[in-house]
There are 2 protein chains.
Amino acid sequence: MRTLQVALGERSYPIYIGPGLLGRGLIGEHLAGGRALLVTNETVAPLYQARAAAGLAGCDWRAVVLPDGEAYKTLETCQRVYDALIEGQFDRTATVVALGGGVVGDLAGFCAATYQRGVGYLQVPTTLLAQVDSAVGGKTGVNHPQGKNMIGAFHQPRAVIADTDTLATLPERELSAGLAEVVKYGLIRDAAFFDWLEAHAEALLRRDPAALTHAVAESCRNKAEVVAADEREAGSRALLNLGHTFGHAIETHTGYSGWLHGEAVAAGIAMAARMSTALGWLDERDRARTEALLQRLRLPTAPPPIPLARYRALMRVDKKVQGGRLRLVLLRGIGEAVVTAEFDEAALERTLREHAAAD
Amino acid sequence: MRTLQVALGERSYPIYIGPGLLGRGLIGEHLAGGRALLVTNETVAPLYQARAAAGLAGCDWRAVVLPDGEAYKTLETCQRVYDALIEGQFDRTATVVALGGGVVGDLAGFCAATYQRGVGYLQVPTTLLAQVDSAVGGKTGVNHPQGKNMIGAFHQPRAVIADTDTLATLPERELSAGLAEVVKYGLIRDAAFFDWLEAHAEALLRRDPAALTHAVAESCRNKAEVVAADEREAGSRALLNLGHTFGHAIETHTGYSGWLHGEAVAAGIAMAARMSTALGWLDERDRARTEALLQRLRLPTAPPPIPLARYRALMRVDKKVQGGRLRLVLLRGIGEAVVTAEFDEAALERTLREHAAAD
C-alpha cells in the first residue's frame, strides 16, 4: 500500500493506494465514530459492496444504490441520497462513503457537502478515472442540462481509499478513459511521468498490477500537489483542466451519453495540443507524441461532428469563462502547460473548424 | 445609516442598516465588477424591485422572480435560479443579489454557494426577520419535505444591506414574527436589550423608525458577535437556536404553512422557557416576563395541537441532534442561555405533554 497526503492544513487527508484495501477496515477507521451511508450504484454494488461491508464490520451503516451513468448525475438523484440520510435519521456526525466511479463520488460528495450544511465523506473510487482524478481534491457537484458540474461545492473528503483490485473488472473503454487523465498529468507538469507512460502503455492496457499502482500513485501525487497549492482554483489548479473545455463541449453536445468523460478529455487534449501548435507554442514533434500516446491507449483524438457555431457556444458556458473571457489550458511543451485568456482567437477558430460539422 | 462589521478574517463583511438604502448605489458598489442576478419573489418585486434597480444603475443585471412562501424553499425552486444563471451565461464573477425575506435569502444564498462551486452574493433583506437574523451569518439552505434547512451550505455574503424603509409595507403578523428573533437576542446574551425591548414594545409595533433601526442594529450586532466567535456552529453559535428545535417541529408538522417561522420560534421560546423553569434553571418571574413580552408583541406562546409521539419524533430529526442525543438551548436567566444535552428528559416530556394533542 502506498500512502500520500493532500496537504491542506486542518483539511489535510490521506490517500491510500494498493490492492486489497476494500476489506481491510480502512473505511471503518475513518468514520470518526459516526454512522455511515454507503452510496454506490447498480453496477458497482454487486461487484464490491460485500467487500466494502467487510471494511465496515462492526460499524452502524446502511446503503443507497443509485442508477449508473452520467445521465443520473443530477439534483434529482441527490434527492434519493438526501431521502436516505433523513429516513436513516443521520445527523451531523454522519459519514457518506462514496463507492464507485466519478459520478458516484461527485454526487455523493455534493450531498455530503450540503446535508445539514456539511457532513464528512470518504472517497472509495472503483474506476481508474476516479482513482487518478475525481476522488482527489474536493470538487463535488452535479450537472445541469446545459452544463457539466454547474452545481457543486468544494468539500474535501476525510480520506481516499483506492483499491487497485477494483480495476480488474473495469470495462476496457473505461480503463482507457481513465488513462486520458493520467496522460494529462504528464503533459501539464511531469515530463518524466509522460516518458514513463510512453514506455508502459501496453503494460497499463494489460492491467499489469505494478504499472497500474504506479500510474495511480503518480497521478494522485501530481494532483495532490496541485490541489495543495491552489485548493479553490484561484489560479494554477486550472491546469488540471487541460482538454476539459473542449471536452465538456463534447459531453454537453452528446447529452452525457455515448462519450465517456475520459474519451472527451482525450479528444480535448488532442485539440488543445493542435491549437497550441497552431499558436506556435508546442512543437509539432511533441504534438505528435501526445496524439500517438493517446491513440496507443485506444483513445479518440478528434471530437464527433459538432456544428461550428454550436461548439463555440458550448465552450462559452464552461466554468473557465471569467468576466466574459474564455480561458484555456494550452501547452508550451510536454510537462509544461499554461492557463491563459491571451491567445489568438484565430487559432481557436481554426482548431474548431478543422473538426466541425457543416453548420 | 449604521454600519457594523461581521469579523470573519478574509470573509469579513459589512452590514448597513438604515432608511433609504435601496436606491443608494450600495448594491452596485458590492458587485466586484461582475454581473448581477437579482433574485426576488412575486410579493417583493412590485414593491421594491424598482428601487433596487436604481441601486443597480449602470450595472449589468437581470432578475428572476420566484413564487412567495416557505413552501417554495426547495431544490425545485433552486433549479429556476440555476436556469436563470445559465441562460444569462453568468460565470464565476457573478453576484447573486437576494432581495426579499428569509426564504429568498436562504435559497438565493444556497444557489450562490453552489453555482459553479460558489459565487458571491448580497443579502438585501426586506422583512424584519431577515434583517435581524437570516441575512446575517452565512447560513444558506432549502427544506426537505421531512425537515427544515436539511440541505444547505455555509456561505458568507459579501454585504448585507438592510433598508428599514421596507418594513413599512410588512404585514403586521410578519412584523411580530420578526420581533420573536429580536427577543431571542435579549434572552440568550443581552439582558439590557431585553429591558429596552420591554420599554419599547409598543413603539416597535407602531413601527417607530428610530425604535426599529435600534432593534435591527442591536440584533445584528449580537448576531455578528456570535457568528464571529463560532462561524460553523461548533459550539456557542447554537445559542441562536433558542426556541428553534421546538419551533421547527411546529413548522414541519404544519407543512411550512399556517405558522410563520417567527411565530413558531416564539412558541418554541416560550416552551424552552417553561422547560427551563421545570428544570429549576429559570425562575418563574423571568419565565413570566419572557411570555409577557412575546404576548405584548402579538406572538403565540403555545404550539398547535400535535400528538405527543409525533412531536417527539419531529424534534429528533432536528439538526441539533448529535450522535443520537438531542441538544437544546435552555435558559438560566434573562440574558443567559446554554446549549446542552444534559437535562432531565422528564422536564422535556412534561413540557411536550402540557401542549400535546391526544395521541
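The values are calculated or read from the model by the stated rules, or taken from the named source; none is laboratory data. Owing to the predicted nature of the structure, the values given are computational and were not obtained by experimental measurement. Don't worry about glycine lacking a Cβ; one is built from the backbone with ideal geometry, like all the others, and counts go over all protein chains shown.
Across region A:155-167, not a single residue is classified as β-branched (Val, Ile, Thr) and within 19 Å of B:GLN116 (Cβ to Cβ). From the list A:ARG92, A:ARG62, A:ARG80, the one residue that fits, being over 28 Å from A:GLU181 (Cα atoms) and within 11 Å of chain B (Cβ to nearest Cβ), is A:ARG92.
Scanning region A:206-230 for residues that are more than 17 Å from A:VAL6 (Cα to Cα), touching a residue at least 60 places away in the same chain (Cβ under 8 Å) and surrounded by fewer than 20 Cβ atoms within 10 Å (Cβ to Cβ) yields A:PRO209, A:THR213. Return a yes/no flag: does region A:250-259 have any residue that is surrounded by fewer than 21 Cβ atoms within 10 Å (Cβ to Cβ), at positive phi and part of a loop (DSSP other than H, G, I, E, B). Within region A:250-259, one or more residues are surrounded by fewer than 21 Cβ atoms within 10 Å (Cβ to Cβ), at positive phi and part of a loop (DSSP other than H, G, I, E, B). Being on the phi > 0 side of the Ramachandran plot and within 14 Å of chain A (Cβ to nearest Cβ) is not true of B:GLY69. Within region A:250-304, the set of residues being free of Cβ contacts under 8 Å to residues at least 40 places away in the same chain and closer than 20 Å to A:GLN131 by Cβ comprises A:ALA264 only.
Quick one: is B:ASP230 within 30 Å of A:THR93 (Cβ to Cβ), in the same structural domain as B:VAL339 (by TED's automatic domain parsing) and touching a helix residue (DSSP H, G or I) at 6+ places or on another chain (Cβ under 9 Å)? When the stated conditions are applied, B:ASP230 passes them.
Only a single criterion out of (1) more than 14 Å from chain B (Cβ to nearest Cβ); (2) buried (at least 18 other Cβ atoms within 10 Å of the Cβ) is not satisfied by A:ARG35, namely (1). In region B:118-126, is there at least one residue being within 14 Å of chain A (Cβ to nearest Cβ), within 26 Å of A:ARG232 (Cα to Cα) and polar (S, T, N, Q)? No: region B:118-126 contains no residue that is within 14 Å of chain A (Cβ to nearest Cβ), within 26 Å of A:ARG232 (Cα to Cα) and polar (S, T, N, Q). Take A:ASN143 and tell me if it is among the polar types (S, T, N, Q) and on the phi > 0 side of the Ramachandran plot. Criteria not met by A:ASN143.
Screening B:GLY268, B:GLY333, B:GLY255, B:GLY324 for residues that are among the small types (Gly, Ala, Ser), within 30 Å of A:ARG35 (Cβ to Cβ) and more than 20 Å from the chain's Cα centre (by Cα) leaves exactly one candidate, B:GLY324.
Yes/no per residue for (1) polar (S, T, N, Q); (2) assigned by TED's automatic domain parsing to the domain that holds B:ALA337; (3) within 30 Å of B:GLY20 (Cα to Cα):
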residue: B:GLU202; (1), (2), (3): no, yes, yes
residue: B:GLU218; (1), (2), (3): no, yes, yes
residue: B:GLY235; (1), (2), (3): no, yes, no
residue: B:THR245; (1), (2), (3): yes, yes, no
residue: B:THR254; (1), (2), (3): yes, yes, no
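Yes/no per residue for (1) over 30 Å from A:THR114 (Cα atoms); (2) outside any loop (DSSP other than H, G, I, E, B); (3) in contact with a Cys (Cβ under 7 Å, 6 or more places away or on another chain):
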{"residue": "B:ALA234", "(1), (2), (3)": "no, no, no"}
{"residue": "B:LEU240", "(1), (2), (3)": "no, yes, no"}
{"residue": "B:THR245", "(1), (2), (3)": "no, yes, no"}
{"residue": "B:HIS248", "(1), (2), (3)": "no, yes, no"}
{"residue": "B:ALA267", "(1), (2), (3)": "no, yes, no"}
{"residue": "B:ALA270", "(1), (2), (3)": "yes, yes, no"}
{"residue": "B:ASP286", "(1), (2), (3)": "yes, yes, no"}
{"residue": "B:THR290", "(1), (2), (3)": "yes, yes, no"}
{"residue": "B:ALA302", "(1), (2), (3)": "yes, no, no"}
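Screening region A:137-191 for strands (runs of 3 or more DSSP E) wholly inside it with 2 or more residues that are under 30 Å from A:GLY333 (Cβ atoms) and within 14 Å of another protein chain (Cβ to nearest Cβ) returns the ranges A:147-154. You will find that of A:GLY152, A:GLY105, A:GLY178, A:GLY100, the residue that is free of Cβ contacts under 8 Å to residues at least 40 places away in the same chain, surrounded by 24 or more Cβ atoms within 10 Å (Cβ to Cβ) and either under 30 Å from B:GLN79 (Cα atoms) or in contact with a Gly (Cβ under 9 Å, 6 or more places away or on another chain) (or both) is A:GLY105 and no other. Taking A:ALA203, is it out of contact with any Lys or Arg (no Cβ under 9 Å at 6 or more places or on another chain), closer than 22 Å to A:LEU330 by Cα, among the small types (Gly, Ala, Ser) and surrounded by fewer than 22 Cβ atoms within 10 Å (Cβ to Cβ)? No; evaluated as a whole, the condition is false for this residue.
Pick out the one residue from B:PHE246, B:PHE193 that is of a type outside the set (Gly, Ala, Ser), crowded, with 19+ Cβ neighbours inside 10 Å and farther than 24 Å from B:PRO14 by Cβ. Answer to the check: B:PHE246. Restricting region A:47-72 to residues that are surrounded by 14 or more Cβ atoms within 10 Å (Cβ to Cβ) and among the acidic types (Asp, Glu), the residue that is farthest from A:PHE90 (Cα to Cα) is A:GLU70.
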